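Since every read-out is calculated from the coordinates, none of them should be taken as a lab result. The structure displayed is predicted, hence computed values, not measured ones. Cβ: placed from backbone, ideal geometry, glycine included. Neighbour counts: every protein chain shown.
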Amino acid sequence: MTEKQFNKYFNAFIVIGMAVVTVLVTAIKFRDAENGQWLLLISAFGSLMGVLSTVLSANGRILTFLFGLIDVTIYGAMCLAGARYGNAALHLLYFLPMQFVGFFQWKKRGADAKKEVKARRLTGKQWMLYGGVFLAGLVIAYFVLLAMDKNEAADVVKWLVFMDAFSMMCNLVGQYLLSTAYMEQWYFWIGVNISTIIMWVLTLRHDPSSAYATIYVVKYSFYLINSFNGLRIWYNLSRPAPTTVEGNN
């Protein structure tokens, strides 16, 4: 099987699998939910748009930003409903405008509806810079969100708040690297997906009536699988072009 064929089947698995699971989960939760049924339907639609966006992103296709625009708008609104203020602000105030930034940046790097973006890799100094920004931002975000949180009893460490902050910082760095076409974005997306799954599982445990949270557990589980494939594809996309050595005549 060629790489092109593998990507085709893998993309179909992610999109179709997510669609089937989303419809099933939505139908079950819609029947059992006493209220918030419209939130459940909107969450399901946004999740499907998000899956299309992340599959296109993994394959270096510029249309990722069209579906991403829909996804981040809906997800930001759902985070507000779930009192996840860090992710709400992140999606509505940062991700939303970055869809436009990414579109024009990828256009400059040769991407269109048929051509893949010309990917690149971080240098050692850039890794140190973004790593330092990430750690400093994580500490600040955690204590800011901890001060804002009013839902949980006091604990030494509030894991729900920590996962919100961790996901927020991975998203910030990951989105910037995505918009500027760096391969290393996928390390941060893996962190986003793992922490977000944990965050929504904790949300369900804290408030079982939050039926729409189940959709996001499913959504980010598929995202996690896709992010490993995205890392593989972008590793190849960002390889330096082979140099041709001309011999002496």
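Compute a Gaussian network model of the chain, connecting alpha carbons closer than 10 Å, and tell me which residue from 11, 59, 236 fluctuates the most. Per the Cα network of the chain with a 10 Å cutoff, 236 tops the list. Report, in degrees rounded to the nearest 10, the 0 to 90 angle that the Cα long axis of helix 185-206 makes with the longest principal axis of the chain. Computed tilt is about 10 degrees.
Where only DSSP H runs of four or more residues are counted, the chain gives -25500 deg cm²/dmol as its mean residue ellipticity at 222 nm, each run worth -39500 (n - 2.57).
Pairs of lysine residues in segment 82-240 that meet both criteria, 8 or more places apart or on different chains and Cα atoms under 18 Å apart, total 4. Over all directions, the projected convex hull of the C-alpha atoms in segment 64-196 averages 8.4 nm² in area. For the options 128, 168, 78, a Gaussian network treatment of the chain with springs between C-alpha atoms closer than 10 Å singles out 128 as fluctuating the most. Rounded, prolate or oblate for segment 1-118? Axes are the square roots of the Cα gyration tensor eigenvalues, ordered a ≥ b ≥ c, and the cut-off for rounded is a/c under 1.5. Oblate. Enclosing the Cα atoms of the chain in their convex hull gives a volume equal to 139 cubic angstrom per residue. Of 181, 136, 77, the residue with the greatest mean-square motion in the GNM of the chain, using alpha carbon springs below 10 Å, is 136. Which shape class applies to segment 73-133: rounded if a/c is under 1.5, otherwise prolate when a/b exceeds b/c and oblate if not, where a ≥ b ≥ c are the square roots of the Cα gyration tensor eigenvalues? Because a/c hits 1.5 or more and a/b fails to exceed b/c, segment 73-133 counts as oblate. Computed about its Cα centre, the charge dipole of segment 52-198 is approximately 760 debye, with only Lys, Arg, Asp and Glu carrying charge at their Cβ. Between the helical axis of 96-108 and the longest alpha-carbon principal axis of the chain there is an angle of about 10 degrees.
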